[in-house]
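Colleague: Okay, here's the structure, questions in a sec.
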Amino acid sequence: MTSDTADNPSAPAAGWNANVPDSDLAAFEDVRPRLFGIAYRMLGSVAEAEDVVQDAWLRWQGTDRRVVRNPAAFLTTTTTRLAINATTSAHTRRETYVGPWLPEPVDTSADPALGAERAEALEMAVLLLLEKLTAPERAAYVLHEAFGYSYREIAEVLDTTEANARQVARRAREHLASERSAPAPPAQQRRLLESFVAAAQVGDLDGLERLLVDDVVVRPDGGGEVHASRVELVGAARTLTFLDNVLRKYWQDSTLRIVEANGGTALLVTSSTGEPQAVVVLDGSDRGIEHVYIQVAPSKMRQFAPAV
């Protein structure tokens, strides 16, 4: 993470006010990992999620906390509504984004900041699909599927009826299910990644081809920061040509190793100095690898940079 509070969940929130009693600070700190987890899932960006949590902290400071009966519920509602508002500006920025956009991968090996009761809605493929939902649908899905909120609680957050909250969450689930093949179980996803890494390390294109479905899609994200394809690549033939070029030109002397990212496994490609060159996430089904997500924007790989 970029901030002390994200690296150290016990650190005071940015903008800490000495006039806030320790009990009220503790109430915020207790729930802050969950707040970040909600905001990150809704926005797909560490920096944007941190901004939302910071805004929630400022709201908490400015609130008459004596009348707040349930601080966790108040802060969850505040954060979710701030994240809903933030999706509008985020969507506008992504309309002018250079090339395909990918969520920022996060290192969940220790999971200090995501605060997930469940690992739902952390996968790269799901985060991308959440972008296609309305903001209320996204919020309902995240709260219910990742954090186990009841429809009554979601209704309070969204300021709607329980029946409508249930309907919103149902639409979100149905949309996500219709847009994606049934994903392979985690163990099979890891085997696909291990086979992918083994073939990539020796430049075995035939081995890579056997792992890919015919209509595989490669989505690279350079964000205009580094050279990267500005369009998705569709089909096994184009994918193999692309991977062959990348392996020979850019990763020939790189180190490839499996790491944990977004609650699953990912390939981290690093230079001889240990700097991250790419974070590669695969999305597989029983058919094989259906999507290859390649993050190469340096600003989105901060979590995987060597410690200073």
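The values are calculated or read from the model by the stated rules, or taken from the named source; none is laboratory data. Quick caveat, the model's predicted, so the values are computed rather than measured. Cβ sites come from the backbone with ideal geometry, for glycine too, and all protein chains shown count toward neighbours. Surface areas here come from the heavy atoms of the whole protein model, side chains and all, with no ligands, DNA or RNA. Shrake-Rupley method; radii C 1.70, N 1.55, O 1.52, S 1.80 Å.
Colleague: Where in the range 147-236 are there helices (runs of 4 or more DSSP H), lying wholly inside it, with at least 3 residues that are aliphatic (A, V, I, L, M) and open to solvent by less than 30 Å² (accessible area, probe 1.4 Å)?
Modeller: Numbers: elements: 151-158, 162-179, 186-201, 205-211.
Counting at least 3 such residues, we get 151-158, 162-179, 186-201.
Colleague: So which residues in the range 291-308 are within 17 Å of V126 (Cα to Cα) and open to solvent by less than 20 Å² (accessible area, probe 1.4 Å)? Outline the logic, then answer.
Modeller: Step one: filter the range 291-308 for residues within 17 Å of V126 (Cα to Cα), giving 291-295.
Hits for the range 291-308 are V292, Y293, I294, Q295.
Colleague: Let me ask you something else. From P112, P136, P105, which residue is over 14 Å from the mean Cα position of the chain (by Cα) and either closer than 20 Å to E232 by Cβ or at pLDDT 95 or above (or both)? Before you say what the answer is, go through the steps one by one.
Modeller: Working: P112 fails: either closer than 20 Å to E232 by Cβ or at pLDDT 95 or above (or both); P105 fails: over 14 Å from the mean Cα position of the chain (by Cα).
Selected residue: P136, the only one of P112, P136, P105 that is over 14 Å from the mean Cα position of the chain (by Cα) and either closer than 20 Å to E232 by Cβ or at pLDDT 95 or above (or both).
Colleague: Mind checking which residues of the range 159-188 are at pLDDT 95 or above and in contact with a Ser or Thr (Cβ under 8 Å, 6 or more places away or on another chain)?
Modeller: V168 - this is the single residue of the range 159-188 that is at pLDDT 95 or above and in contact with a Ser or Thr (Cβ under 8 Å, 6 or more places away or on another chain).
Colleague: Could you tell me how many of the residues in the range 205-234 are over 24 Å from the mean Cα position of the chain (by Cα) and aliphatic (A, V, I, L, M)?
Modeller: Qualifying residue count, the range 205-234: 4.
Colleague: When the range 41-51 is examined, which residues are found to be within 16 Å of V142 (Cα to Cα) and open to solvent by 10 Å² or more (accessible area, probe 1.4 Å)?
Modeller: S45
Colleague: To continue, here is another question. I'd like to verify a number: residues in the range 60-93 that are over 17 Å from L127 (Cα atoms) and either surrounded by 15 or more Cβ atoms within 10 Å (Cβ to Cβ) or of a type in the set (A, V, I, L, M, F, W, C) (or both), how many?
Modeller: So the count comes out to 17.
Colleague: Further, regarding this structure: When you go through (1) part of a helix (DSSP H, G or I); (2) under 23 Å from P33 (Cβ atoms); (3) in contact (Cβ under 8 Å) with a residue 60 or more places away in the chain; (4) under 13 Å from the mean Cα position of the chain (by Cα) one by one for V126, which number turns out not to apply?
Modeller: (3)
Colleague: Looking at the range 247-286 only, could you name the residues that are among the β-branched types (V, I, T), farther than 20 Å from G44 by Cα and open to solvent by 20 Å² or more (accessible area, probe 1.4 Å)? Talk me through it step by step, then tell me what you get.
Modeller: Quick first cut of the range 247-286, residues among the β-branched types (V, I, T) only: 255, 258-259, 265, 269-270, 273, 279-281.
Going one step further and asking which of them are farther than 20 Å from G44 by Cα, we end up with 255, 258, 269-270, 273.
Listed by number, the residues that qualify are T255, I258, T273.
Colleague: Out of all the residues in the range 32-71, which are assigned to a helix (DSSP H, G or I), free of Cβ contacts under 8 Å to residues at least 60 places away in the same chain and among the hydrophobic types (A, V, I, L, M, F, W, C)?
Modeller: First, pick out the residues of the range 32-71 that are assigned to a helix (DSSP H, G or I): 32-43, 46-62, 65-67, 71.
Within this subset, residues satisfying the condition of being free of Cβ contacts under 8 Å to residues at least 60 places away in the same chain are 39, 43, 47-62, 65-67, 71.
Listed by number, the residues that qualify are A39, L43, A47, A49, V52, V53, A56, W57, L58, W60, V67.
Colleague: For the range 147-158, give me each residue that is hydrophobic (A, V, I, L, M, F, W, C) and at pLDDT 95 or above. I'd like the intermediate steps shown before the answer.
Modeller: Applying the first criterion (hydrophobic (A, V, I, L, M, F, W, C)) to the range 147-158 yields 147, 154-155, 157-158.
Listed by number, the residues that qualify are I154, A155, V157, L158.
Colleague: If you don't mind, there's one more thing I want to ask. Is there any pair with a first residue in the range 93-115 that is over 22 Å from K132 (Cα atoms) and of a type in the set (G, A, S) and a second that is modelled with pLDDT of 85 or more and not in a loop (DSSP other than H, G, I, E, B) whose Cβ atoms are under 6 Å apart and which are 6 or more apart or on different chains, and what are they?
Modeller: Pairs that qualify, where the first residue is over 22 Å from K132 (Cα atoms) and of a type in the set (G, A, S) and the partner is modelled with pLDDT of 85 or more and not in a loop (DSSP other than H, G, I, E, B), are S109/E260; A113/P33; A113/F36; G115/P33; G115/R34; G115/G37.
Colleague: Here's another thing I want to ask about it. Of the residues G224, G288, G235, G284, which single one is at pLDDT below 95 and either of a type outside the set (V, I, T) or at positive phi (or both)? Can you show your working first?
Modeller: Numbers: G288 fails: at pLDDT below 95; G235 fails: at pLDDT below 95; G284 fails: at pLDDT below 95.
Result of the check over G224, G288, G235, G284: G224.
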